[in-house]
Amino acid sequence: MPTMPAPLRLVIFDCDGVLIDSETLCDRVVSRELLQAGWEISPEECHRRFVGLTFADIQRAAEAQLGRPLGPDWVSGIVQRVTEVMAVEAYAMPGAREALEATRDMGLPYRVASNSSRPEMAAKFTHAGLADMLKGRVHSAYDLFPLGKRGKPDPALFLKAAAAEGVPPESCLVVEDSLAGVRGAVAAGMTCLAYIPNGDGAALTQAGGLPFSSLQALPDLIRSYLHGTP
């Protein structure tokens, strides 16, 4: 893998699909909500279309498909239902806690940048047993909305996480698994590892992600960037 343009000083993790095995749970809820609204779409198709996007983005897509508004409370309603599911069904991805612990033990700060809301992430991290490692380190796209900004693939969320740590973008290593996330990280001027456990990941690679296929290998990858020998 290519070297970073500057010494590594911060690792930014995505949440869903990287730290938390939650994407299929979310796809299930979104599919059910859209079916009730009149769009017959499967969980698998929801994943293909919406992985890595915010619920506001999904609402806009659904309204375009249906030709009518879903209402001002649609996002808050689905956030509540997803949060309820995550509180009892979300688990850590195998190797996620070990990657966080290894990053900490290297002396590297780390943060989470996610398009999920704070209530969702709190539910996920608590049930998955990661809350102790992530307190005060979480950034949500929903924090940006009142400022007129958007979540991934816009780079604003990654830049906010870097600024909170006082680290320039070129010294950040991002771990992502979605096209929106890779695009946002690259647009922010950050090096991005693209987690691709299945398939060839051509779209993520073409967007600028550096592919890897095992979270168990992530600590060694981070260590190699820290020492400038990827």
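In table form, for the structure just shown:
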{"item": "F212 crowded, with 21+ Cβ neighbours inside 10 Å and under 22 Å from A96 (Cα atoms)", "result": "no"}
{"item": "Odd one out for A64 among (1) part of a helix (DSSP H, G or I); (2) open to solvent by 50 Å² or more (accessible area, probe 1.4 Å); (3) at pLDDT below 95; (4) hydrophobic (A, V, I, L, M, F, W, C)", "result": "(3)"}
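Per-residue answers, yes or no, for (1) part of a helix (DSSP H, G or I); (2) open to solvent by 60 Å² or more (accessible area, probe 1.4 Å); (3) closer than 21 Å to A56 by Cα:
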position	(1), (2), (3)
E101	yes, no, no
R111	no, no, no
M121	yes, no, yes
G136	no, yes, no
C192	no, no, no
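Conditions (1) without any contact (Cβ under 8 Å) to a residue 24 or more places away in the chain; (2) within 16 Å of V138 (Cα to Cα), marked per residue:
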position: K152; (1), (2): no, yes
position: L159; (1), (2): no, yes
position: P168; (1), (2): no, no
position: C172; (1), (2): no, yes
position: E176; (1), (2): no, yes
position: A188; (1), (2): no, no
position: T191; (1), (2): no, no
position: A194; (1), (2): yes, no
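Here's the yes/no breakdown for (1) open to solvent by 70 Å² or more (accessible area, probe 1.4 Å); (2) among the polar types (S, T, N, Q); (3) out of contact with any helix residue (DSSP H, G or I) (no Cβ under 9 Å at 6 or more places or on another chain); (4) assigned to a loop (DSSP other than H, G, I, E, B):
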residue: V11; (1), (2), (3), (4): no, no, no, no
residue: V18; (1), (2), (3), (4): no, no, no, yes
residue: T24; (1), (2), (3), (4): yes, yes, no, no
residue: D27; (1), (2), (3), (4): no, no, no, no
residue: S31; (1), (2), (3), (4): no, yes, no, no
residue: E45; (1), (2), (3), (4): no, no, no, no
residue: L53; (1), (2), (3), (4): no, no, no, yes
residue: Q59; (1), (2), (3), (4): no, yes, no, no
residue: G77; (1), (2), (3), (4): no, no, no, no
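The values are calculated or read from the model by the stated rules, or taken from the named source; none is laboratory data. Note that the coordinates shown come from a computational prediction; the quantities given were computed from them, not determined experimentally. Note that we place each Cβ from the backbone using ideal geometry, even for glycine, and neighbour counts take in every protein chain shown. Surface areas here come from the heavy atoms of the whole protein model, side chains and all, with no ligands, DNA or RNA. Shrake-Rupley method; radii C 1.70, N 1.55, O 1.52, S 1.80 Å.
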